[in-house]
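Student: Handing you this structure, nothing more for now.
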Amino acid sequence: MRRLFQFFALAALTLAGLARGFAAEAEYKRVRIETTADAIRGRLPLTDVSGKVRPKQRTADGNGEPISPTKTRLGEKHYLEWQISYDSRDPDAPNVVKEVRFERKGETKFGAELTKLIVEARRLGFISTDDLLRERDRLAKLAEVTLEEREGVTLEKTPPAEKNGALPEGFTRWTQKVPQFVRETEHGWVQIQLKPKQRAVGNQAMIYVCLPLARARTDDGSPRAPGAAKTKETVWFHFDRGSAGFLLDILRAFGMASRQHNEDVSRILGKILEMK
């Protein structure tokens with residue numbers, strides 16, 4: 001009986017340790033947004049190569065190349081690609097603004113991430129009510145000309161004289177061209193990429209916020225020195241009055257990407273404008 005008790009006690013301790021390990025892993029991968037007296041800080045994972053925040057190296061085509069951050073000396077040519085969101089189904093998830101609540105196809109959504117950045121920027125005075133009113137007017141004009149509905153992937157036949165190497169008889173080279181839209185600033189850049197829908201016909205617009213690692217900071221707010229990443233390292237990016245326009249660029253990118261995004265962010269802006 002004693003041995004059986006010891007077995008179950010050991011099993012319980014092992015499971016508890018595993019649970020703590022999983023919790024720590026989940027926490028490391030989470031985006032955290034905090035507000036100080038004069039800035040908004042966003043904590044992003046630096047070594048999560050398969051999540052919504054991925055380290056990349058800039059390339060000539062603008063798409064970027066995934067890298068192994070723990071084996072690369074990270075510096076000026078590297079950045080974090082953040083697939084930022086603006087809502088969440090979970091009212092208790094990190095970075096949620098519960099006051100920003102709206103319905104989409106019978107499901108309740110709460111503002112999150114980008115929404116929190118905009119709300120806090122307004123509260124700190126980086127973005128004014130007039131700024132948000134102007135953005136809402138712009139979104140209304142963009143609603144009927146969004147990229148997802150009017151842009152698409154094209155196929156072009158390569159002339160025989162331009163073929164790189166001989167092809168077997170009867171084969172012809174076709175090149176698939178996918179449009180990409182980029183807004184660059186000194187604080188980073190925002191990309192809109194068209195990608196095939198996973199469970200439907202057509203393309204969907206994906207929005208990525210790209211933040212240069214040269215602007216990354218450590219936990220104490222100091223600049224991160226160039227060098228390979230440590231296991232489960234996180235970095236911080238600061239948004240202040242000078243980068244408020246970049247936040248509006250991100251909002252606008254969603255508004256021009258698709259009608260659904262346009263409708264969602266328009267509702268979110270309406271809810272933010274109702275807030276005191």
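Readers should treat all values here as calculations from the given coordinates under stated rules, not as data from a laboratory. Since this is a predicted model, take the numbers as computed values, not measurements. Neighbour counts are summed over all protein chains in view; Cβ atoms, including those assigned to glycine, are modelled from backbone coordinates with ideal geometry.
Student: List the lysines whose Cα sits under 22 Å from the Cα of residue 52, skipping any in the same chain fewer than 8 residues away.
Tutor: 29, 71, 77, 109, 116, 195, 197, 230, 232
Student: Also: For the range 123-264, give the magnitude of the charge dipole about the Cα centre (Cβ charges: +1 Lys/Arg, -1 Asp/Glu; no others), in debye to the nearest 20.
Tutor: With Lys and Arg at +1 and Asp and Glu at -1, about 300 debye.
Student: Here is a follow-up. Along the range 228-233, what does the Karplus equation 6.51 cos²θ - 1.76 cosθ + 1.60 (θ = phi - 60°) give for ³J(HN,Hα), rounded to whole Hz, x for Gly and Pro?
Tutor: Residue by residue, the range 228-233 yields 5, 7, 8, 4, 6, 6 Hz.
Student: Have a look at 145, 112, 132 and report the one farthest towards the positive end of the charge dipole of the range 87-161, computed about the Cα centre with Cβ charges (Lys/Arg +1, Asp/Glu -1).
Tutor: 132
Student: Can you work out the FRET efficiency for the pair residue 231 and residue 92, with r the C-beta to C-beta distance and R0 = 30 Å, to the nearest 0.05?
Tutor: Numbers: r = 29 Å, r/R0 = 0.96.
Efficiency, from the Cβ-Cβ distance: 0.55.
Student: Next question. For the chain, just run the numbers: alpha carbon Rg, then divide by 2.2 N^0.38 Å, N being how many residues it has.
Tutor: Normalised by 2.2 N^0.38 Å, the Cα Rg of the chain equals 1.21.
Student: Taking amide hydrogens as modeled 1.01 Å from N in the peptide plane, which residues meet the under 5 Å criterion relative to residue 35, leaving out close sequence neighbours?
Tutor: Amide H to amide H, under 5 Å and 5 or more residues apart or across chains, residue 35 pairs with 41.
Student: Related question: I'd like the Karplus ³J(HN,Hα) series for the range 63-69: coefficients 6.51, -1.76, 1.60, θ = phi - 60°, whole numbers in Hz, and an x wherever there's a Gly or Pro.
Tutor: 6, x, 10, x, 10, 9, x
Student: Please provide three numbers in whole Å: the alpha-carbon extents of the range 82-231 along the principal axes, with the largest listed first.
Tutor: Here the Cα extents, ordered largest to smallest, are 65, 46, 30 Å.
Student: Work out how much length residue 167 to residue 155 would gain on full extension: take 0.36 nm times their residue separation and subtract the Cα-Cα distance, in nm to one decimal.
Tutor: In short, 2.5 nm is gained.
Student: Starting at 0 and stepping by 5 Å, how many percent of the alpha carbon pairs of the range 189-247 end up in each bin?
Tutor: Answer for the range 189-247: a P(r) of 4, 14, 17, 17, 13, 13, 11, 8, 3, 0 percent.
Student: Aspartates and glutamates near residue 98 by alpha-carbon distance under 20 Å, same-chain residues fewer than 8 away left out - which ones?
Tutor: Answer for residue 98, where 20 Å is the Cα cut-off: 34, 87, 90, 107, 113, 120, 263, 264, 274, listed by chain and number.
Student: Sorted by average packing, counted as other Cβ atoms within 10 angstrom per residue and highest first, what order do 250-261, 167-178, 85-96, 218-229 take?
Tutor: Taking the mean over residues of other Cβ atoms within 10 Å, the ranking is 250-261, 85-96, 218-229, 167-178.
Student: Relative contact order for the chain: what is it in percent, counting Cα pairs under 8 Å that are at least 6 residues apart?
Tutor: Relative contact order for the chain comes out at 24 percent.
Student: Would you mind working out the magnitude of the charge dipole of the range 112-188 relative to its Cα centre, with +1 at each Lys and Arg C-beta and -1 at each Asp and Glu C-beta, to the nearest 20 Debye?
Tutor: Its charge dipole is roughly 40 debye.
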